[in-house]
Amino acid sequence: MIDQQNALINNIEEFRDQNLEARGEAARKLQDLVQKRINYLQNPKDCRSNRKLVCAIHKKCGFGCQLHHLSYCMMTAYGTGRTMILVSKLWLYNPGGWEEIFEPLSATCTQTFNFKPQYYVTTGELESANELEVMLPAVDQLPKAPRFAPLGIPEDLADELDQFHGSPGVWWVGQFIKYIFRPRPWLRKELDGYEVTVDYSTPIVGVHVRRTDKIGKEASFHAIDEYMKHVDDWFDRYDQQRNSQQQEPTRRRVYLATDDPTLLPIAKAKFPHYTFVSFVHFSRTAGSLFHRYSTDSLRGVIADIHLLSKCNYLVCTFSSQVCRVAYELMQTLHPDASNYFHSLDDVYYYGGQTAHEQTAVLDHDPKPGSQEIELRVGDVVGIAGNHWDGFSKGTNRRTKQTGLYPSYKTKEIFPLVKYPTY
């Protein structure tokens, strides 16, 4: 049964790859366009007279959460025609500020000229604001999701984006993460050294295991065996593709990123036929609540995100923002990496997102006595989660019923948002 399932998945992948070159060219062109638009908006000729959106990085949460806060600010700045100004001095991770670690978000406009920018709490007010400088609060302080929040995509790019990507909303978030996540030369050199150690010349699956403060609060405990089952599945599919060409089985390799320094020896003992690559000093700083908000810890989590994003496949828990950031960055490295993951818990989401909805493409009649719900073509379903067994859980907006339904009978809805063009 597993072999049949892998064969079916491989057939789907082969079908998707038939126009890979054309789709790759379309992806490169669209990414170049978006990056040029962001760069144009972030580098005005006259900073003093230009409209600005001020965003502080002082939200008290982990680096992945802070990075998502910055991307939400930049999406809102992009949508309202403002240059984003980052306030980062006395940053928890690095008191010297963002620009000591990453490239500045602008080469021409990095400061405010108004001592107290106007503070706005709704996107409607922000779009009609006349003030040159406004400050945006954290998304969880807003009464409702902003119009420019994920998972919406630009109306003017939607048709092109739909031609090559399976999850356009994630691709759009990835474009802002890409612009923000640009290491300084000293850090770039450090990351290059880690890449040599990991060695991406042969296939490698990235496994991210988040433990410590997440367990029991935001996520459940998952043993390494649960992750490795899906690593095995990926390598089995990969070898099945290669065996059609009579090639030797692939050497199975894993990049293990975790905040649990005891996990690496356990993984090596349980799965001796795998080669594990891991940096234990990253795990020690990430796993220590005392050292978590330190520059050393920051360098470790940056490296983990970067290295995970370059793997062939990700196995993780999407309850972790680190893994979601790696997945978002991965979209900027391939024409379509929307299926290059398996999450043990949540579906992909973005904190403060607009309603995550799907539309039914096939009818479904629930089995008597089951927890399933009825679907009719065109029904809108608010998705609550994926059970990763072929069924998702959600609420049918028409019938108001909440329950399970076959995942393949629905498709994602990505709201079209009217963004300015630059």
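For this structure, a couple of remarks:
- Calculated mean residue ellipticity at 222 nm for the chain: -11500 deg cm²/dmol, from DSSP H runs with n ≥ 4 weighted as -39500 (n - 2.57), summed, divided by the residue count and rounded to 500.
- Across Val170, Val231, Val196, mean-square fluctuation computed from a Gaussian network of the chain (C-alpha pairs under 10 Å connected) peaks at Val196.
- Convex hull volume per residue in cubic angstrom - Cα atoms of the chain: 160
- Isolated cysteines of the chain, defined as having no other cysteine beta carbon under 4.7 Å away, are Cys311.
- Sparse packing (at most 14 other Cβ atoms within 10 Å of the Cβ) combined with a DSSP loop state is found for the following trypsin sites (Lys or Arg not before Pro) in segment 21-124: Lys45, Arg48, Lys60, Lys89.
- Charge tally in the Cβ shell below 11 Å around His387, where Lys, Arg are +1 and Asp, Glu are -1, His387 excluded: -1
- Computed over the alpha carbons of segment 288-374, Rg followed by Dmax gives 17.8, 57 Å.
- Net charge, Val139 excluded, C-beta distance under 14 Å - Lys, Arg +1, Asp, Glu -1: +2
- Local charge for Tyr194 was computed over the other residues whose Cβ lies under 14 Å away, with Lys and Arg +1 and Asp and Glu -1, and equals -1.
- Of interest is the spacing of the C-alpha centroids, which for segment 370-393 and segment 217-283 amounts to 31 Å.
- Taking the convex hull of the alpha carbon positions in segment 357-415 and averaging its projected area over all directions gives 3.7 nm².
- For the set Lys178/Lys268; Lys52/Lys89; Lys52/Lys178; Lys178/Lys418; Lys59/Lys144, the pairs lying more than 24 angstrom apart at their alpha carbons are Lys178/Lys268.
- DSSP bridge pairs, the chain: antiparallel proportion in percent, nearest 5: 40
- Packing-based exposure ordering (other Cβ within 10 Å, fewest first) of Ser319, Ser297, Ser49: Ser49, Ser319, Ser297
- Mean-position separation - Cα centroids, segment 285-340 and segment 130-163, in angstrom: 23
- Ascending count of other beta-carbon atoms within 10 Å, so fewest first, for Thr395, Thr258, Thr250: Thr250, Thr395, Thr258
- The alpha carbons of segment 22-179 stretch over 49, 35, 34 Å along the principal axes, in descending order.
- Kyte-Doolittle at least -0.5, axis length at least 24 Å by Cα - qualifying DSSP helices, the chain: 63-80
- Average projection area in nm² (convex hull over Cα atoms of segment 239-331, one quarter of hull surface): 7.1
- Packing rank of 328-335, 351-358, where each peptide gets the mean count of other beta carbons within 10 Å, highest leading: 328-335, 351-358
- With the charge dipole of segment 183-343 set up from +1 on Lys and Arg Cβ and -1 on Asp and Glu Cβ about the Cα centre, the Cα lying farthest toward the positive end among the listed residues Leu256, His342, Leu314 is that of Leu256.
- Working from Cα pairs under 8 Å separated by at least six residues, relative contact order for segment 22-179 is 29 percent.
- Three semi-axes of the equivalent ellipsoid, segment 183-343, Cα gyration tensor, whole Å, largest first: 25, 19, 15
- Taking amide H positions as modeled 1.01 Å from N, with prolines and chain starts lacking one, the residues under 5 Å from Thr410 and 5 or more places away or on another chain are Val361.
Where a number appears in this text, it was derived from the coordinates with a stated rule and is not lab data. Owing to the predicted nature of the structure, the values given are computational and were not obtained by experimental measurement. Note that each Cβ is placed from the backbone with ideal geometry, even for glycine, and that neighbours are counted across all protein chains shown.
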